[in-house]
Amino acid sequence: MDGFCLELAGKIPGETSGLAGGVTERTLIRRAQRGDREAFDALVRQYDQEVLRLVLRVVRSPEEAQDLYQEAFLKAYRSLARFRLESRFSTWLYRLVTNVCFDYLRRQRTRGEVQITEKGDGEGDHAYTIADDRPGLNPEHALRAREIGRRIAKALSRLTPRERMVFELKHWQGLKLRSIGELCGTSEEAAKNSLFRAMQKMREQLGDLV
Amino acid sequence: MNCKDLEPNLWLYLYDELTAGERASVDAHLAACERCRLQLEETRRLHQLLSGCPQPEPTPEMLVHCRQALDAALDREQLGWRGLLRSWFPGFTPFPALRAATVLTLLLFGFGLGWTLRPRATKLEQATGGAVPTSFAGADLANMRISSISQVAPDPQTGAVRITLDAERRVTLEGSLDDPRIRQVLVDTVKRYDNAGIRRDTLDALRTQSHNPSVREALLYALRHDPNAGVRLEALRAVEGMEWGSDVHQSLLDVLERDSNVGVRVAAVDALVEHAEALGEEEALMEVVNRLATRDQNPYVRLKCLAAVQKLEGNED
């Protein structure tokens, strides 16, 4: 496993390093599988910031992101007994989160809803998202940046759920296509094709900006 | 490699997904083809445009909110039928195909158990020589909740069944917070009860009693030691309303430096700055926030501490 999962693995204690009090992740998982709620809470705290970041970037709505966060971890809680300790927990969890995102994107397409809202222009709840705070942006640049953001969000909304997830995981999460294929329950080749189609569509929508 | 072959590989080239051999083929083609070099540059500009788009970041408050909501949802999950099944069968995994059959079996078992238990209550006592608890009167049964069953042992000879279970009896306490017994239950709840939502509600109830030494100690304990960030945040709100003393100041400094949750740390900064002047602790606080403004690992904490430094400096003027 490589990319993001490895990066996470480096940050998250595994078999050979310990959490506070010398508890390893493996121990926490075993305890959580036996119903130890505090162990499960500790596992959640190890990963939930990254999970929340990922779902927020996929759905672009704080309220929806909170719902997906909860849905993902409830599913993890209910199915933790099925997790085999030979596998890497981060991979298992992120596969679950990816599926939750897939389901959400498919539901959105079925309803015909298109998420094109980009926060950061004074609208929305700034308690949940942080607007671009790069110093030195003059108003004209800021306006252009917001317009580009809206165009990108609109272009993303035109991707299929699989194209969207592959693009998100590749471009902004930096995972390798082999890992992305595994998370999306498909092959590396299929992930590659999804990425290519996604980039073609992005070029069609945004080509005039470059 | 020709121009047509290159196009699908351009993105893989930019994302560093090509093998060394493939990359060498692309480089060789690009060296000889200006059209493809221009296409690569256009693709690179699009890549940069996408990379430059600011991405939404969850704030510490959002994370705290999510954790609190998840905590409450997990509490409900534990009290629901899934939680009950898991407590009886720790390895229980309700695969869809078996779910209905499993639930039906358990329902039948439950009815069968009830049918067996009620008519035989007195015979059971006689059959076992009084070893069975005799307090299972009708009123008690109605007032009890079975939290777990550890053994069901039918006796084929006597027709009796022995059930070993843990039962909770609901008791309602009502009284004033001035009643030390009520206060003690609440203080114990803050420190020991395993439901974070209840601990949080308890903190809210105890807020007005912070002048009491045991309550004050419980609030500070929750602020520093509660495992749930939402509860620690609630404790911080309660502590803010307390009569400020060096114990409060020191607790908040410890939280600022050591809490695992950024939202709680950021809230601690606000509270400390608010009261620093009244306590005459600006200098000591300035030293801490100055250090954290440059060295803390978390960017939100650094920003908050920087703002605190500016505010404290403003107060000195």
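Along the range A:191-199 the Karplus relation, 6.51 cos²θ - 1.76 cosθ + 1.60 evaluated at θ = phi - 60°, assigns HN-Hα couplings of 5, 4, 5, 4, 5, 4, 5, 4, 5 Hz to successive residues, with x for each Gly and Pro. For the set A:201/B:304; A:154/A:176; A:176/A:201; A:154/A:192, the pairs lying more than 32 angstrom apart at their alpha carbons are A:201/B:304. If I take R0 = 22 Å and measure r between the Cβ atoms of residue B:57 and residue B:15 in this structure, what FRET efficiency does the formula 1/(1 + (r/R0)^6) give, to the nearest 0.05? Step by step, r from the Cβ atoms, then E = 0.45. P(r) for the range B:180-316, from all Cα pairs and a bin width of 5 Å, is 2, 11, 23, 20, 19, 11, 9, 4, 2, 0 %, short bins first.
The phi torsions of the range A:147-155, fed into the Karplus equation with coefficients 6.51, -1.76 and 1.60 and a -60° offset, translate into couplings of 5, 4, x, 5, 5, 5, 4, 5, 4 Hz, rounded to whole numbers, with Gly and Pro shown as x.
The HN-Hα couplings worked out from phi for the range B:261-267 by the Karplus form 6.51 cos²θ - 1.76 cosθ + 1.60 (θ = phi - 60°) are 10, 5, x, 5, 4, 5, 5 Hz, whole numbers, x standing for Gly and Pro. Charge dipole (Cα centre; +1 on Lys/Arg Cβ, -1 on Asp/Glu Cβ; no other charges) of the range B:255-317 amounts to roughly 480 debye. Within the shell of other residues whose beta carbon sits under 12 angstrom from the beta carbon of residue A:41, the net charge comes to -3, with Lys and Arg scored +1 and Asp and Glu -1. Its residue count N sets the reference 2.2 N^0.38 Å, and the alpha-carbon radius of gyration of the range B:3-48 equals 1.03 times that reference. With R₀ fixed at 56 Å, the C-beta to C-beta distance from residue B:161 to residue A:87 puts the FRET efficiency at about 0.85.
Modelled spin-label separation between residue A:26 and residue B:72, with each label point placed 7 Å from Cα along the Cα-to-Cβ direction: 3.9 nm.
Just so you know, all these numbers are worked out from the coordinates, no wet-lab data involved. Note that the structure is a prediction, hence the values are computed from the model and not measured. Cβ coordinates were reconstructed from backbone atoms using ideal geometry, including for glycine residues, and neighbour counts include every protein chain displayed.
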